[in-house]
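Quick note: the coordinates plus some simple rules give every number you see, no bench work behind them. No experiment lies behind these values; they were computed from the predicted model shown. Every residue, glycine among them, receives a Cβ derived from its backbone with ideal geometry; neighbour counts consider all protein chains shown.
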Number of protein chains: 2
Amino acid sequence: MARKAAIIGGGVIGGGWAARFLLNGWDVAVFDPDPEAPRKVGEVLANARASLPALSDGPMPTEGNLSFAQTITEAVEGADYIQESVSEKLELKHRVYAQIQQAAPQVPLGSSTSGFRPSELQEGAANPAAIFVAHPFNPVYLLPLAEVVPSAKSDAQVIENAKEILREIGMFPLHVRKEIDAHIADRFLEAVWREALWLVKDGIATTEEVDEAIRMGFGLRWGQMGLFETYRIAGGEAGMKHFMAQFGPYLSAEWTKLMDVPEFNDELVDLIAGQSDAQSGHHTIRELERIRDQNLIGFLRVLKDRNWGAGKVLKDHDRRRQAALPAPTPETAQPMEMARMTVLPGWIDYNGHMTESRYLFAGSETSDAFLRHIGADIAYVGTGFSYYTAETHIMHLDEAKLGDALSGTVQVLHADEKRLHVFIRILKGDTPVATLEQMLLHVDMKAGRTVTAPKAILDRLLPIAEAHRALERPKDAGRHVGQRKG
Amino acid sequence: MARKAAIIGGGVIGGGWAARFLLNGWDVAVFDPDPEAPRKVGEVLANARASLPALSDGPMPTEGNLSFAQTITEAVEGADYIQESVSEKLELKHRVYAQIQQAAPQVPLGSSTSGFRPSELQEGAANPAAIFVAHPFNPVYLLPLAEVVPSAKSDAQVIENAKEILREIGMFPLHVRKEIDAHIADRFLEAVWREALWLVKDGIATTEEVDEAIRMGFGLRWGQMGLFETYRIAGGEAGMKHFMAQFGPYLSAEWTKLMDVPEFNDELVDLIAGQSDAQSGHHTIRELERIRDQNLIGFLRVLKDRNWGAGKVLKDHDRRRQAALPAPTPETAQPMEMARMTVLPGWIDYNGHMTESRYLFAGSETSDAFLRHIGADIAYVGTGFSYYTAETHIMHLDEAKLGDALSGTVQVLHADEKRLHVFIRILKGDTPVATLEQMLLHVDMKAGRTVTAPKAILDRLLPIAEAHRALERPKDAGRHVGQRKG
C-alpha cells in the first residue's frame, strides 16, 4: 500500500512537496484553509508532471492519490511523514504544530522554514523530538536540496528516517550540523540579495545586468561545483592554500557593501519592481516557470549523464527504483517490452517533433536493455566483449511529440553464436511510431573481430529466439530503402 | 589576414584569453617573463581545444598563430587588441601600461583586474582613454561573461570597439555603468566567500557541505536565470512587489554574518585547506578542470538548444561566423560536403565510442544542411511544408571516438518532385565511419501527405541530382539488413 504524506500549507512550496511525493508514488493529503489551494497545488502539480518524469530513465511509479483535507487532524491521520509549509510566522507555526501533534505526535514533522531554527520551532511542542527543519528550494519537484536541521532536542532516529524518506523521493538531504538562522544556503542568498539591492539602488547596475552578471559567469559554475571546489581549481596546482594566500587579504577590502544594509522603503520596492518588469515582464510567471523547468531538466540531465553532483542523486534514485521493479518474463511468444521513455524537450526539433536521431536513440535504449537482460551488460563490456550494431534499417511511421510516453519492444528474428538479428518497435500506446531492424555482432573488442558469445549469454538468448520463432515475421523486415510497399 | 591580440601575463586568466583569441582565428602574442609561461599557456590551450569547439555547430575558423614575445614592445607591435592579466598590484599594472603605451598608445587596452577601478588603472597613463576593465571569468575560454568597465576618461568609441571584439570571440560584454571596487559579479562572490568562511570557521558546515548547499539548489537556478528573475517567479502571479513585501523585512534579520569579517590567519587557512583536501583531494587539479569543463559544455549546450541566456550568446556567435563562410559549390559530380562536426563528450557511450544514435544524428546534421542549401530551411518549414525522412539504412563501418573531427557528405541517388533519395557518408578524414541511405518525402505538414515541392526548391535540387548521376552508385545502396556482403 502507498504511504501517506501530509502537506500542511498548499502554496508554491507546499505544492512542490505534494508533487514530489505524489509522483514518487505516495498518497498525499493537503491541508490549507485558502479556497484557492486546490487550484494552486494543481498548477504546481501540472508543472511537475511536465518535468520531473524527464529526469527518470525508468518507468515512474504509479502516481499516488491527492486529497484535500478539511482539517489538520484529517490530513495527518495515518500519515508516515508530515511537511509544514505555512507562512513564516512563528506563532502560526506553533499553533499548527499543536494541532498536528494532538493527532500524530510521533510522526516526523519537517518544516519548510527558511529562517527559523529548529529549537524555535520546537518551543512549547507536545513532542519536540519529532520536529526538525527540512528546507527545500523552489522548484521543489526538481531541485534535490533539502537542508535537514535538527536541534539538540531532536530524536536522532527520527532525523535518519526523515533523510531516508527524502532520498526515496529523489532529494539530497543535507544534514546541517549546528542550527543557525537561515541555515546555510539562504545565508548566501541573503548576502547576494543585500549586495544586489545596493547595486541597483546606487545605479551601478539594473536588475537585468545583475542577472546577466550571475548567469553568464559564476552561476554556470555553481550548478556543478560549489564555491570551494571552484576556488581550489583557481588556485591551480598549488591548490587551496595558494588561493587563500592570494585572495585572503581582500577580506579587508571594500569589496562588498555588506557592512550595512539598504533601507527598505517604497522607493526601493518601486525601483526593483519596475526594472524587473522591464527585464522579464514580456513573459508571464507561468512561462518563466516552464522556461526555468526545462533549463533545469537540461542541466540535471547533463549532470546525470556525467554522474556528477545533482546528477548522482538522480542516478542513485533510478537505481533504488529499478531494484524494486519486477524482472520481465521473456520466454513467451511475445515481443518483449524492454524500455519506457518520455519524449524530452531536448529530443524535439524545430518542427515540434521528435528529432530523427532520437528514434534510433529510443531503439538503442531498447536493444541495450535487451542486451543487459541476456547478460551483456556494462560489467560484461568491461571484460572486453560486447555486441556491436553492424547495420540498422529504420521505418518512420508516425510522429512522436513532446511528453509522449513511448515504449520499446524487441522481437528476435534470428540468433546464433555470433549474430543477433532483432526487430524493434517504438510504440506510442499500441501504435508504432518507428520500427528498427538491426543486426548485432558479438565482438572481441581488443582483437576487433566477431567471436562466439559465451555460454552464459547464449543460454539466455537462444530460448528467447526459439520462443520468438512462433511470432509472425514483421512485414517490414528485410526491406531496403525505397522498396515499394506491399 | 588574421588580426593580432597581445596577451600580457600568461597565467590561467591570460592563457584563457590567449586560447579564446586563437581558437577564434586571431594571432596571439603572449608576454610573460615567467619561464614557465609557455607550459602554463599550453595547458590552458589544451583544455580549450578539448572543449570550446564542442560549443560550435559550424566549422571552427583556422586557429591563429601563437607566439611568445621577449618584450612587451614586441608583443604589442601591430596588435589590434591588448589584454593585461598580470598580478593584482596597481603599481605593477602602471609600469606595464607605461611600456605598452610607449609602443601602442592607441590600441584598446583591457585589464582582467578583479578589484581595481578603471580610473585607478588610468592614473599616470600616456593615453588613459584607451584603458578600461575587461574582467573575465575562469575558465575564460568557456564562460561568456566579460565585465567591461569604463571610467569618465575612457573613450566611448574605444569601449564600443572593444565590446565588438569581445563578441567576435564569443563573449558577452556586460557594460558596467559606473565604476565600483570589484565591479559587479565579484562583489557577490566576495559576499558569499566571506559568509562561507564564517560558516566553516564556526563549525556550522564543512567546505563540502557549503558546496553541496550551492550546487544541489540555487546554483542550478543561477546558471540560467539570475537572482531577480528567479525571485520574480518566487513572487508568483503577484510578481516582484509581492516578493519584496514578503522578504524585504528580513533585511534587518541576523541572516548573514556580513556585518563583520572573519580574521584571516593561518588557523583559518589550515582549516579551509584541510577540508578542501578531504573533499576534492582525490582529483588532481587537471582532472577537476576537465570535469568542470565538460559539465559547463553540457550546461551551455542545453541553453543553446533552448536559445536562452548564455546559449543565446553561442547561437549569435555561430550565426556571425556562418555569415562569413563561403557557400558550397554544388553542381559538380562530387558528393557535397555539407557538415563538419567534432565528437562531443555527450556523444560517447560506456564503450568509449560514439553512441549509435549519434551516427544518425551526424547524418541528420548533414541532410539538414543539404536541405537548407536547396532552400528547405527553417523559414520554409514555417510555411507548413518540409522534407520528412521516411526510411533510413545505416551501415556501421568504423568507430568514432571523443574529439574526432567528422565530416558529412551527400550524394543524391535520385530526386523527383516529391522524393529525395540520398546517400550520406560520415567520414573521419577520408574513411567512412558510417553510411546512411535515406528516402525523404516532401510533405504538406498540415494535410499530412506527400506533395510536389515548389519550383524554387526543385530548381536547386534537380541540377545537383543531374550532376550526381555521373557518380558511381555506392555498393551499399539498396542493401537490406543482414544481406550477404559483396
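Numbers at a glance
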quantity	calculated
Hydrodynamic radius by Kirkwood, which averages 1/r over all alpha carbon pairs of chain A, in angstrom	26.2
Relative contact order, percent, region B:147-240 [alpha-carbon distance under 8 Å, six or more residues apart]	20
Folded to 0 to 90 degrees: helix B:310-323 orientation relative to chain B principal axis, Cα	50
Antiparallel content of DSSP bridges confined to region A:4-175, in %, to 5	15
Surface/4 of the Cα convex hull for region A:332-468, nm²	8.4
Other-copy label distances relative to residue B:201, 7 angstrom Cα-Cβ extension, nm	2.5
In degrees, nearest ten, helix A:156-168 long axis to first principal axis of chain A (Cα)	50
Chain B - mean residue ellipticity at 222 nm from DSSP helices (-39,500 (n - 2.57) per run, n ≥ 4, rounded to 500)	-12000 deg cm²/dmol
Compactness of region A:4-175 - radius of gyration and Dmax, Cα, Å	14.7, 45
Relative contact order (%) - chain B, alpha-carbon pairs under 8 angstrom, separation at least six	10
Trypsin sites (Lys or Arg not before Pro) within region B:66-128: DSSP coil, no more than 13 neighbouring Cβ in 10 Å	B:89
Inter-centroid distance (Cα atoms) of region B:283-304 relative to region B:196-216, Å	22
Convex hull (Cα only) mean projected area of the protein assembly as shown, reported in nm² to one decimal	41.4
Cross-link reach list, lysines versus residue A:4, counting only Cα pairs under 26 Å and skipping chain neighbours closer than eight places	A:40, A:93, A:153, A:163, A:315
Alpha carbon centroid spacing (whole Å) that separates region B:135-175 from region B:411-486	46
Set B:418/B:455; B:418/B:446; A:418/A:475; A:446/B:401 screened for pairs whose C-alpha atoms are more than 18 Å apart	A:418/A:475
GluC sites (Glu not before Pro) within region B:38-77, DSSP loop, no more than 15 other Cβ atoms inside 10 Å	B:77
Candidates per chymotrypsin sites (Phe, Trp or Tyr not before Pro) in region B:36-133, loop by DSSP, up to 16 other Cβ within 10 Å	none
Cut-off 14 Å between beta-carbons: net charge of the residues surrounding residue B:74, Lys and Arg +1, Asp and Glu -1	-2
Translational diffusion of region A:110-251, µm² s⁻¹ [Kirkwood Rh, Cα pairs; Stokes-Einstein; 10 °C; 1.306 mPa s]	90
Cβ-vector label at 7 Å, residue B:416, separations to other copies in nm	3.9
For region A:4-175: relative contact order, % (alpha-carbon pairs under 8 angstrom, 6 or more apart)	22
Within-15-Å neighbourhood charge of residue B:94 [Cβ basis; K, R +1; D, E -1]	0
Label spacing, shortest first and in nm, from residue A:284 to its equivalents in the remaining copies (7 angstrom along Cα→Cβ)	5.5
Neighbourhood charge, 15 Å Cβ-Cβ cut-off, centred on residue A:430 and excluding it, Lys, Arg +1 and Asp, Glu -1	0
Calculated FRET efficiency for the pair residue B:70/residue A:286, C-beta based, R₀ 56 Å, to 0.05	0.40
Helix axis angle, A:90-103 relative to chain A longest principal axis, alpha carbon, degrees	60
